[in-house]
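Notes follow the structure.
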Amino acid sequence: VDAQGQPILIEQRPAVLTIRAASDPIAVEAEGDEVAPGEVATVGLHTFEPIALAGGQMMLLYDASVVTGTPTVRIDPRFGKATFTVKTPRPGKIVVRFTSADKSLNKVPGLLVAVGLTTRASTPVGLSTALALDPVGSYLLDGKGRRLKLKIEAGDLSFR
């Protein structure tokens, strides 16, 4: 019932609940986007579980031929407090190292590290390019500063 004592309609839906064993890796993905050529694509590191993080690093690999300009990076404060540094060692590769001193980062899962990529207006519609998190250069640190085992999924950047 609601605050006024009226019944609240509940619609049930079938679903699957997956329980991860404590020793299983944490799933993360290179979140992609679908944009029109010339638009800014928002891609980055996506988490699925609310695990408090002390920090980590994302090494995102993307097709530089469909991008122009310098990538922008942000960590939305709704995902927790964090500071970060950005390096772009070569076109198509961006490295973001982040730290959360109060370990509040990722208490809400989602697009943890968002990268804005300005796409080329000349990119053909229908093209899809791969996005990947480099497994050697990408890691997450739990609240005690220990590396978590990750299960990394790829993404893509598609043009409509």
Positive end of the dipole of segment 1-103, charges at C-beta (+1 Lys, Arg; -1 Asp, Glu), about the Cα centre: which of Val73, Thr42, Thr99 has its Cα farthest in that direction?
Thr99
Using modelled backbone amide H atoms (1.01 Å from N, in-plane), which distant-in-sequence or interchain residues come within less than 5 Å of Arg120's amide H?
Gly38, Val67, Thr68
Going through segment 6-86, which GluC sites (Glu not before Pro) have at most 14 other Cβ atoms within 10 Å and a DSSP loop state?
Glu11
Can you pull the accessible area of Ser65 for me, 1.4 Å probe, Å² to the nearest 10?
80
What translational D, rounded to a whole number of µm²/s, comes out for the chain from Stokes-Einstein when the hydrodynamic radius is the Kirkwood one over Cα pairs, at 4 °C and 1.567 mPa s?
76
For a quick check: with amide H placed at 1.01 Å from N, whose amide H comes under 5 Å from Gly44's, ignoring anything fewer than 5 positions away on the same chain?
Glu31, Val115
Residue-wise HN-Hα coupling along segment 8-24, computed from phi with Karplus coefficients 6.51, -1.76, 1.60 (Hz; x: Gly, Pro):
9, 6, 10, 9, 7, 9, x, 7, 10, 9, 10, 10, 8, 5, 4, 8, 6
Of all alpha-carbon pairs in segment 32-111, indicate the percentage at a distance above 15 angstrom.
59
Ala154 label point, 7 Å along Cα→Cβ, cut-off 18 Å on backbone N: hits in segment 12-47?
28-34, 43-46
Sequence-distant residues sharing a close amide H with Leu105 (under 5 Å, placed H):
Leu53, Lys81
Segment 45-86 versus segment 128-152: alpha-carbon centroid distance in Å:
11
Any lysines with Cα under 26 Å of the Lys144 Cα? List them, leaving off those in the same chain fewer than 8 positions away.
Lys81, Lys87, Lys103, Lys107
Based on the Cβ-Cβ distance from Arg90 to Glu49, what FRET efficiency comes out when R0 is 25 Å, to the nearest 0.05?
0.20
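The values are calculated or read from the model by the stated rules, or taken from the named source; none is laboratory data. What you are looking at is a predicted structure, and each value in this text was computed from that prediction instead of being measured. Backbone-built Cβ (ideal geometry, glycine too); neighbour counts: all protein chains shown. Note: accessible area is taken over every heavy atom of the protein model, side chains too, but ligands, DNA and RNA are not part of it. Shrake-Rupley method; radii C 1.70, N 1.55, O 1.52, S 1.80 Å.
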